1. Among the residues of the stretch 93-111, write down those that are out of contact with any strand residue (DSSP E or B) (no Cβ under 7 Å at 6 or more places or on another chain), in a loop (DSSP other than H, G, I, E, B) and among the hydrophobic types (A, V, I, L, M, F, W, C).
2. Cβ contacts < 7 Å: first residue within 16 Å of the ligand (Cβ to nearest atom), restricted to the stretch 235-251; second residue modelled with pLDDT of 95 or more and polar (S, T, N, Q), any location; separation 6+ or different chain. Result?
3. Working only within the stretch 497-541, note down all residues that are under 27 Å from Ser210 (Cα atoms) and away from the ligand (no atom under 13 Å from the Cβ).
4. Does Glu374 qualify as being touching a residue at least 12 places away in the same chain (Cβ under 8 Å), over 29 Å from Ala118 (Cβ atoms) and open to solvent by 50 Å² or more (accessible area, probe 1.4 Å)?
5. Within the stretch 470-528, track down each residue that is part of a loop (DSSP other than H, G, I, E, B), open to solvent by less than 10 Å² (accessible area, probe 1.4 Å) and of a type in the set (Gly, Ala, Ser).
6. Name the residue that is farthest from Arg230 (Cα to Cα), counting only residues in the stretch 144-184 that are of a type in the set (Gly, Ala, Ser) and part of a helix (DSSP H, G or I).
7. Quick check on the stretch 448-458. Is at least one of its residues farther than 30 Å from Pro341 by Cβ and open to solvent by 10 Å² or more (accessible area, probe 1.4 Å)?
8. Among the listed residues Gly124, Gly47, Gly114, identify the single one that is within 21 Å of Ile153 (Cα to Cα), in a helix (DSSP H, G or I) and near the ligand (Cβ under 10 Å from one of its atoms).
Amino acid sequence: MSSDSGQNGATAAASPHRLELADHIDDGATFDYIVCGAGSSGSVLAGRLAADPAVTVLLVESGGDDDDERVRDPDLWPANLGSERTWDHVTEENTHLNGRRLAYATGRGLGGGGAVNAGVWARGHRSDWDSFAEQVGDPAWGYAHVLGHYRNIEDWQGAPDPERRGSGGPMRIRPSQDVHPLFSAFLDGAEATGISRFDSANGAMMEKDSGCAVRDENIHDGVRQTPFRRYVADRVGQPNLTVLPHTTVSRVLLRAGRAFGVEIVREGKPLRAHASQEVVLSLGAIGTPAVLIRSGIGDEAELRAAGIPVVQHVPGVGRNLDDHIRLPCVWEATDVPLPVPTRSQAVCFWEDGTRPGAPEFVMYVSPAPSVSPESAAQYPPPERCFTLMPAMRLRGGSRGRVRLASTDPLTRPRIETNFLADPDDVRSALSAVAMAREIGNSAALRPFAKREVSPASSATDTVELFVRNAVETYWHQSGTARMGRDDDTDAVVDARLKVHGIDGLRVADASVLPHVTVANTMAPSMVVGERAAEILTAEHG
Ligand SMILES: Cc1cc2nc3c(=O)[nH]c(=O)nc-3n(C[C@H](O)[C@H](O)[C@H](O)COP(=O)(O)OP(=O)(O)OC[C@H]3O[C@@H](n4cnc5c(N)ncnc54)[C@H](O)[C@@H]3O)c2cc1C
């Protein structure tokens, strides 16, 4: 392996954080496993597989290395948006959002979304995991089993909870420190609505219908703990692991119903890498369906229309795109000092009875304007303000779809979010905004709130117009290659993450989740990486 002379040149070579990454592979080189995508799931999987020195692993990533202050310092996370560290997808027009197109970024580079995100550690609710286990018919996806994965993943720094929290795992997790009074007031305001307060957002609270707490975060000594840094970086240099950045997977190589490698593009040149055991797609909920479709695995009518030879008719590929929608509501702030970093230190969850026992709503706070361009035009945010950001899950009728716009691997896919297509989701959005208004206008937040800016009304028509202009993604794209039972014709992979009808090909990332978890999706994506490692190790030794 030689030094990566990619984007940062000589200056970056002096950095103590710089890793000696591969800068080429031979055309036709063979590895036991090829893991495609070095994001939250792929990093966990590649790191776990490479722990066995007898196993060779190629980890391919389209983006660059992670030697970047915007990765290390979680307070700089917004600076990653629009940079080379993100795929800056833009959705198709959505008639339910007044024809708006949404910015729809995902992470790019070593660590993927886990290197650019806001550093919230949110593990998913018991009901999420139990519903996955039920949908795939395998208790190994259930909460009880997943708690074991979390105990292995975490090095928990908060109040001891040995039943639920791990110690000594790769990810150092702690409750947010030095909580600013704005966030304490937010928690007081949430409690005043009847929501109970918990010690941690990821302990017993993830077994209740509602709750509020200081958030947990994957930050240690001010440095973000990325899945890549914590699972892979220490193994870079091992002879059995090749990490190849700046390399894009164009398609899976398939013969007689079996995957035997991938076609990749590096510096504009196509190359092939072969896998003697398995190819795993961990390209995220937008990247994975795009590569499956380019490989001839997808809806046969769509493949034919794109001129791609049909290898396997799997109609669910790219469908069921799930996410949280975010509904930022703004208050002008008083002269009381506001926190400087834009990361929320508190969170609350609640349910509306759609899925009894499963919270549908989550809310964070930003001490800054965090609104869509259309909402900003309608309700200009003052210079000093804070934003309450309720978010909600979508019902089935509002799920979206990812399709190819071109067979070129670097051309953005077409993404339809379909947000708010289901009329019941409009009703839920109105109730989410009502809860934000109750907390934002509560006595607890009065010292911080000079006046409500948006929506500042309870009139249904006004709030509905506000909602359709305000909706934004929470960047929790999931579900586009979802797991399901063998007789579930819309599922893409089975409970063991194997692509239906194809041997030697698995998917391990947020795209396999049948629905988005209650809050953020990095930790659940890491569990998918852990499950994939558990499955592959059990099957291949
Ligand atoms: C701005 C932002 C803020 C977020 N905030 C939080 C948060 O605070 N907490 C939280 O839990 N979650 C957060 N998330 C979500 C979380 O980061 C993702 O859900 C999670 O990283 C998904 O993991 P993944 O492995 O499925 O995909 P990713 O982490 O996206 O990894 C996929 C990788 O595959 C690579 N790739 C894609 N296509 C190709 C190709 N053809 N060839 C080669 N490589 C390719 C990508 O570059 C990427 O590195 C945030 C996401 C974003 C974008």
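The values are calculated or read from the model by the stated rules, or taken from the named source; none is laboratory data. It should be emphasised that the depicted structure is a prediction, and the values quoted were computed from it without experimental measurement. All Cβ positions, even for glycine, are placed from backbone atoms using ideal geometry, and neighbour counts span all protein chains on display. These area figures cover heavy atoms from the full protein model, side chains too; ligands, DNA and RNA do not enter into them. Shrake-Rupley method; radii C 1.70, N 1.55, O 1.52, S 1.80 Å.
1. Leu110, the sole residue that qualifies.
2. Taking only residues 6 or more apart or on different chains, the pairs are Thr247/Ser62; Thr248/Ser62; Arg251/Ser295.
3. The answer is Pro514, His515.
4. Judged against the criteria, Glu374 is not a match.
5. The answer is Gly479, Ala481, Gly484, Ala491, Gly504, Ala508, Ala519.
6. By that ranking, first place goes to Ser184.
7. Yes.
8. Criteria check complete, one pass: Gly114.
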